[in-house]
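Have a look at the structure below before the remarks.
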Amino acid sequence: MLAYNTVEKFASGARGIKEVTLHFAVVTGETIEEMPMGLFIPSSGRDLFEAIHKGAVGSLWPNGTELPAWLPNHFPVFLSDNPAGDALAILDYYYNNTKQEEWGTMTKFIFKDEEKNKLYKITNQQQFCNTRDLAKRSLLNKEGGLG
């Protein structure tokens, strides 16, 4: 699964607890379904509240944007100058450098096709190859709401 240290490589900074044993089971910008052990890519502070309620245990966060006052101090936040770009870089890095045999359970990346109003889940190399462009479009759409 996607490790804290891997996400930290793509961030310009971090706040909250630094837990190198933390792994993320889900990476998404959607709050439609549960995201246990999730890394959330927000488009607004309200989304972050919903994501934590759904199981998010960390978030990419736009550098220079104030964190919500209610956010627990220990909650890992990875600061990013470009959350959408960094999330895509994490996706690419993960699927280009991880073999399912190494982990058994792969991190699930969830993206939404706004045109079809449908969620896509990337859980293996073939799905990554088939839906990477959709993931990019989805992240760029989310980016419009960041900040």
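The values are calculated or read from the model by the stated rules, or taken from the named source; none is laboratory data. None of the values given here were measured: they were computed from a predicted structure. Using ideal geometry, Cβ is built from the backbone for each residue, glycine included, and neighbour counts are taken over all protein chains shown.
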Against the definition (closer than 19 Å to Ala25 by Cβ, among the hydrophobic types (A, V, I, L, M, F, W, C) and out of contact with any strand residue (DSSP E or B) (no Cβ under 7 Å at 6 or more places or on another chain)), how does Ile41 come out, yes or no? no
Kindly provide the set of residues from segment 13-37 that are on the phi < 0 side of the Ramachandran plot, touching a residue at least 60 places away in the same chain (Cβ under 8 Å) and surrounded by 15 or more Cβ atoms within 10 Å (Cβ to Cβ), ordered by number. Ala14, Arg15, His23, Phe24, Ala25, Val26, Val27, Thr28, Gly29, Glu30, Met35
Only residues in segment 52-69 that are over 14 Å from Gly29 (Cβ atoms) count as the first member; pair them with residues that are surrounded by fewer than 15 Cβ atoms within 10 Å (Cβ to Cβ) and of a type in the set (D, E, K, R), Cβ under 8 angstrom, at least 6 apart or cross-chain, and list the lot. Gly55/Glu34; Asn63/Asp81
Thr28: at pLDDT 90 or above, in contact with a helix residue (DSSP H, G or I) (Cβ under 9 Å, 6 or more places away or on another chain), under 18 Å from Lys108 (Cβ atoms) and not small (Gly, Ala, Ser), yes or no? yes
Scan Phe10, Phe40 and give me the residue that is without any contact (Cβ under 8 Å) to a residue 24 or more places away in the chain and crowded, with 17+ Cβ neighbours inside 10 Å. Phe40
Take segment 3-19 and flag every residue that is more than 11 Å from Pro76 (Cα to Cα) and among the β-branched types (Val, Ile, Thr). Thr6
Complete set of residues in segment 106-120 that are in a strand (DSSP E or B) and either in contact (Cβ under 8 Å) with a residue 24 or more places away in the chain or more than 13 Å from Lys136 (Cβ to Cβ) (or both): Lys108, Phe109, Ile110, Phe111, Lys112, Asp113, Lys118, Leu119
What do you reckon, is Phe40 more than 14 Å from the chain's Cα centre (by Cα) and within 19 Å of Ala14 (Cα to Cα)? no
It is to be established whether one or more residues within segment 84-92 are in contact with a helix residue (DSSP H, G or I) (Cβ under 9 Å, 6 or more places away or on another chain), of a type outside the set (D, E, K, R) and modelled with pLDDT under 90. yes
